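Enquirer: Sharing a structure with you now.
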Amino acid sequence: MLHATATPERTGAQAAARLGEVVALFGADMTFVEAELGKHVRDGLEPASHAAAHLLGAGGKRVRPLLVLLSSACFTGRVPQVARDLAVSAELVHLATLLHDDVVDDGMERRGQTTSRRLWGNAVSVLAGDLLLTHALERTAQVAPGETLADLFKTLRALVDGEVVQLRGRTKLDVTEATYFQIVNDKTASLFAWAARAGARAAGAPSDSIAALGEFGARLGISFQLIDDALDYAGDTAHTGKSLYGDLREGKLTLPLLCAIERDPSLRSLLEAAREGDEVSAARLVVSVRESGGAGV
């Protein structure tokens, strides 16, 4: 739960301001990253390339590529080219997971616009994600074919495992925090950790520093997801680009909901009804989560 004085809106505003400072540090590097991403989404057959370009055009925070650059800059006076290339790979993987997630979750909107799957269909959205994933692997293999590429394969496995565990939760209700954090670690923190390790390796950092940066990245990823989950119940849609309560509609058991159920176990029956499509129960559940303080409100 967020501290009472740290509302999701205030925390989000602070994070956005600090992220802007980081972006300013790597202006030329991020210009390169954006240009390369634009090339990659167009490098493929239509309509998969159109679906990928549609998602890229919606913007994004680019936290993962920034993490690669930051980690590399910790050990070098300037960011080496290999780190810039790996920053592109990190975002390509992330974009691929978003295209896939929207299919799995029946997503209607992403970053304030209609999802690619609704415009081109689920099959095209999956193939668009596969296209970006192959670009990420090819680019990583070209610039860092050793340990960093092997690390990326392990990370992709974690991303899949996290999605499977989350999907499994749609049919078997599991309101334990342990399962929640397993999903967060695999689906979110793993790619953050890879980005941090990749940047450190690109700069020639020693093994203990690479491991330390990986741990930092993982913890940053967990924090990132915790805030995102809270914003789903208490965010300002004008700033987040996300409709409220999307996680609940998609059957995701996020921490604000789990905290509310822990305080009031009777909410479990409301959750079960909401997952069966009972909108009245879903509305009551939202009110209960917000009143419980689980979303920091």
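The values are calculated or read from the model by the stated rules, or taken from the named source; none is laboratory data. The structure displayed is predicted, hence computed values, not measured ones. Cβ coordinates were reconstructed from backbone atoms using ideal geometry, including for glycine residues, and neighbour counts include every protein chain displayed. Heads up: the accessible areas ignore ligands, DNA and RNA and are worked out on the full protein's heavy atoms, side chains in. Shrake-Rupley method; radii C 1.70, N 1.55, O 1.52, S 1.80 Å.
Enquirer: Test Ala128 against the criterion of being among the aliphatic types (A, V, I, L, M) and under 30 Å from Pro206 (Cα atoms), and give yes or no. Quick ask: steps written out before the conclusion?
Expert: Numbers: among the aliphatic types (A, V, I, L, M): yes; under 30 Å from Pro206 (Cα atoms): no.
No, not satisfied.
Enquirer: Follow-up question, since we're still on this one. Restricting region 30-56 to residues that are charged (D, E, K, R) and assigned to a helix (DSSP H, G or I), which is nearest to the chain's Cα centre (by Cα)? I'd like the intermediate steps shown before the answer.
Expert: Our first condition is that a residue be charged (D, E, K, R); within region 30-56, this holds for 34, 36, 39, 42-43, 46.
Narrowing the set further to residues that are assigned to a helix (DSSP H, G or I) leaves 34, 36, 39, 42.
Values: Glu34: 18, Glu36: 20, Lys39: 22, Arg42: 23 Å.
Applying the filter and picking the extreme gives Glu34.
Enquirer: Same structure, new question: If I filter region 57-85 down to residues being outside any loop (DSSP other than H, G, I, E, B) and of a type in the set (S, T, N, Q), which single residue comes out as surrounded by the fewest Cβ atoms within 10 Å (Cβ to Cβ)?
Expert: From region 57-85, those outside any loop (DSSP other than H, G, I, E, B) are 57, 63-73, 81-85; that's our starting set.
Next, only the ones that are of a type in the set (S, T, N, Q) stay: 71-72, 81.
Numbers: Ser71: 29, Ser72: 29, Gln81: 12.
Per the stated criteria, the residue is Gln81.
Enquirer: Is it the case that some residue within region 238-252 is touching a Leu at 6+ places or on another chain (Cβ under 6 Å) and open to solvent by 40 Å² or more (accessible area, probe 1.4 Å)? Show your work before the answer.
Expert: Narrowing region 238-252 to residues touching a Leu at 6+ places or on another chain (Cβ under 6 Å): 240.
In the following step, the residues that additionally are open to solvent by 40 Å² or more (accessible area, probe 1.4 Å) were identified as 240.
Taking every residue of region 238-252 in turn, at least one turns out to be touching a Leu at 6+ places or on another chain (Cβ under 6 Å) and open to solvent by 40 Å² or more (accessible area, probe 1.4 Å).
Enquirer: Within the set of pairs 6+ apart or on separate chains, which have a first residue in region 28-48 that is under 18 Å from Thr134 (Cα atoms), a second that is polar (S, T, N, Q), and C-beta atoms under 8 Å apart?
Expert: Val41/Ser49; Arg42/Ser49; Asp43/Ser49
Enquirer: So how many residues does region 264-280 have that are closer than 13 Å to Leu248 by Cα, assigned to a loop (DSSP other than H, G, I, E, B) and either open to solvent by 90 Å² or more (accessible area, probe 1.4 Å) or at pLDDT 85 or above (or both)?
Expert: 1
Enquirer: If I go through region 80-108 residue by residue, how many of them are of a type in the set (Ser, Thr, Tyr) and touching a Leu at 6+ places or on another chain (Cβ under 7 Å)? Show your work before the answer.
Expert: Residues of region 80-108 of a type in the set (Ser, Thr, Tyr): 89, 97.
Subsequent filtering for residues that are touching a Leu at 6+ places or on another chain (Cβ under 7 Å) retains 97.
Counting residues in region 80-108 that are of a type in the set (Ser, Thr, Tyr) and touching a Leu at 6+ places or on another chain (Cβ under 7 Å) gives 1.
Enquirer: Report those helices (runs of 4 or more DSSP H) wholly inside region 100-177 carrying at least 2 residues which are closer than 26 Å to Gly38 by Cβ and open to solvent by less than 20 Å² (accessible area, probe 1.4 Å). Break it down stepwise before answering.
Expert: Details: elements: 116-120, 122-143, 147-168.
The helices (runs of 4 or more DSSP H) meeting that bar are 122-143, 147-168.
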